[in-house]
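Notes follow once the structure below has been shown.
The values are calculated or read from the model by the stated rules, or taken from the named source; none is laboratory data. Computed from a predicted model, the values in this text were never measured in an experiment. All Cβ positions, glycine included, derive from the backbone under ideal geometry; neighbour counts span all protein chains shown.
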């Protein structure tokens, strides 16, 4: 049975889900569906905050430990794994590969879409200083506020289909005060459904 690809994913730089795809742990179609509630870091479903109340209400955001897969608990759960969990899964030593970055630089993010939903925008979160890489990513591991936002202001979404368009690339301005290994969680927020699409990448601030 063939499975239609849908939704979207980051194609560059290399995300955890791209690594998992290359390792044969998940399919490309699963990478396109890292989908969970869009009002993260909230823990419950509900209406979107002003001025976006007319957007579709958020479904329940992913639980701690499942954030990087958008809450998915099938094969996609592996993108949440620590290095030791991945090593156990693969039967060999493993470390999530890091993208080399510089604090304050602009990192170009490339997206590919197979269903370019009506888009509210994009957000990015990053791990706190001193986060524990031996533990799965939780809200407590992440900075509370996003370090990057690119949110379209047009409301209600139904009147602006030509403006609420998904971007094939955008510039992610990285924090100026980070050093060493961190995890970035990217969200593509959809206006007309309750979900966002989650993508995660490991970076090393030189």
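Those residues that are exposed (fewer than 13 other Cβ atoms within 10 Å of the Cβ) and either under 28 Å from residue 51 (Cα atoms) or free of Cβ contacts under 8 Å to residues at least 24 places away in the same chain (or both), I need them from segment 133-150; list them, please.
Within segment 133-150, 140, 144, 145, 149 qualify.
Can you tell me how many residues within segment 12-36 are more than 18 Å from residue 66 (Cα to Cα), at pLDDT 95 or above and in contact with a strand residue (DSSP E or B) (Cβ under 8 Å, 6 or more places away or on another chain)?
Qualifying residue count, segment 12-36: 2.
Conditions tested, residue by residue: (1) within 25 Å of residue 29 (Cβ to Cβ); (2) assigned to a loop (DSSP other than H, G, I, E, B).
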position: 121; (1), (2): yes, no
position: 133; (1), (2): no, yes
position: 155; (1), (2): no, yes
position: 158; (1), (2): no, no
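Within segment 29-45, which residues are loosely packed, with under 14 Cβ neighbours inside 10 Å and not in a loop (DSSP other than H, G, I, E, B)?
Listed by number, the list is empty, since nothing qualifies.
Just name the residue that is modelled with the lowest pLDDT out of those in segment 1-11 that are touching a strand residue (DSSP E or B) at 6+ places or on another chain (Cβ under 8 Å) and either buried (at least 21 other Cβ atoms within 10 Å of the Cβ) or not in a strand (DSSP E or B) (or both).
Among them, the one singled out is 7.
Could you look through segment 12-28, keep only residues that are outside any loop (DSSP other than H, G, I, E, B) and within 16 Å of the chain's Cα centre (by Cα), and pick out the one that is nearest to residue 184 (Cα to Cα)?
Per the criteria, the residue is 16.
If residue 175 meets every condition in (1) within 20 Å of the chain's Cα centre (by Cα); (2) without any contact (Cβ under 8 Å) to a residue 60 or more places away in the chain; (3) part of a loop (DSSP other than H, G, I, E, B); (4) within 23 Å of residue 101 (Cα to Cα) apart from one, which number is that one?
Residue 175 satisfies every listed condition except (2).
Only one of 52, 81, 125 is in contact with a helix residue (DSSP H, G or I) (Cβ under 7 Å, 6 or more places away or on another chain) and either farther than 24 Å from residue 205 by Cβ or modelled with pLDDT of 95 or more (or both). Can you tell me which?
81
Among the numbered conditions (1) without any contact (Cβ under 8 Å) to a residue 40 or more places away in the chain; (2) within 17 Å of residue 200 (Cα to Cα); (3) in a loop (DSSP other than H, G, I, E, B), tell me where residue 60 comes up short.
(2)
Looking at (1) within 16 Å of residue 108 (Cβ to Cβ); (2) in a strand (DSSP E or B), which is the only condition residue 166 fails?
Looking at each condition in turn, residue 166 falls short on (2).
Name, by its number, the condition in (1) touching a strand residue (DSSP E or B) at 6+ places or on another chain (Cβ under 8 Å); (2) assigned to a loop (DSSP other than H, G, I, E, B) that does not hold for residue 53.
Looking at each condition in turn, residue 53 falls short on (1).
Which pairs have Cβ atoms under 8 Å, sit 6 or more apart or on different chains, and link a residue in segment 75-92 that is closer than 14 Å to residue 24 by Cβ to one that is modelled with pLDDT of 95 or more and exposed (fewer than 14 other Cβ atoms within 10 Å of the Cβ)?
Between residues of segment 75-92 that are closer than 14 Å to residue 24 by Cβ and residues that are modelled with pLDDT of 95 or more and exposed (fewer than 14 other Cβ atoms within 10 Å of the Cβ), the close pairs are 90/23.
Do we have any residue at all in segment 156-168 that's over 14 Å from the mean Cα position of the chain (by Cα), at pLDDT 95 or above and surrounded by 20 or more Cβ atoms within 10 Å (Cβ to Cβ)?
yes
Which residues, counting only those in segment 73-112, are surrounded by fewer than 19 Cβ atoms within 10 Å (Cβ to Cβ) and in a strand (DSSP E or B)?
99, 100, 106, 108, 110, 112, listed by residue number.
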